[in-house]
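So the structure is just underneath, and the comments pick up after that.
The values are calculated or read from the model by the stated rules, or taken from the named source; none is laboratory data. Given the structure is predicted, the values throughout are model-derived calculations rather than measurements. Please note: Cβ atoms are built from the backbone with ideal geometry, for glycine as well, and neighbour counts cover all protein chains shown.
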Amino acid sequence: MQCSHFSHSLIVKDSQGQREISLNSPVYSIGRDAKCDIRLACRFVSRHHATLIQFSGRDKSISYGIMDGDLQGNPSANGILINGRKRQNHILTNEDHITFGPQVEVTYHKRELDTNSDDLEPNPPKGPRLPQSPYLGGSEFGAATVPDDGTSCIL
C-alpha cells in the first residue's frame, strides 16, 4: 500500500519580489518584524500580522491553518483576506490566496510527492497541544502543535 506525502509551501509576492518558502515547522509567525519567521516587506503589514499553525487531520495528514494576529490573541491592524474574504482564521487548502494589505499576496501550495522519490519530507516535529482558545477558532485549530524546544526557523 502506498502512502501519500505532501510538501507545503508559500509563494510570497511583496515589495522585494517573489519567493517560495517551504513549510515544515509546526508554527510560523508572519509580519514585518525582524523576529518573525516569515518576513513581509510592506508598511501596511503589522509587525506580527498572522500565524501559521501545522496540525494533523483525522486521517493523520498534515495541514496548515492561518490565524490573524499572534498566539497571544493580539490581532493585526488590517486583518487578512483569504480568497477575497476577510477571515480571523482559516484551514488552508491548495492554492488559497492570502492578502496582507494592498501590496502583499501569498499563495499556499500543498503538493503530493512521489513516494518513490528521495525528496520526501521528514516527519514533522511533535510538540505539546495548543490550549483551546476562542481566538484560535476553537476546534478548528484544536490539533495544532507548537515547538517544544523553544526554537524557531528564521526565513
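Summary table
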| quantity | calculated |
| --- | --- |
| Yes/no for SER56 being under 19 Å from LEU92 (Cβ atoms) and either basic (Lys, Arg) or modelled with pLDDT of 95 or more (or both) | no |
| Sole residue being modelled with pLDDT of 95 or more and in contact with a Gly (Cβ under 6 Å, 6 or more places away or on another chain), chosen from ARG19, ARG47, ARG39 | ARG47 |
| Single residue of region 49-75 satisfying the filter (more than 8 Å from the chain's Cα centre (by Cα) and among the polar types (S, T, N, Q)) that is nearest to HIS97 (Cα to Cα) | SER63 |
| Strands (runs of 3 or more DSSP E) enclosed by region 1-117 - at least 1 residues per element that are surrounded by 19 or more Cβ atoms within 10 Å (Cβ to Cβ) | 5-14, 17-23, 27-31, 50-56, 62-68, 80-82, 89-91, 97-99, 105-113 |
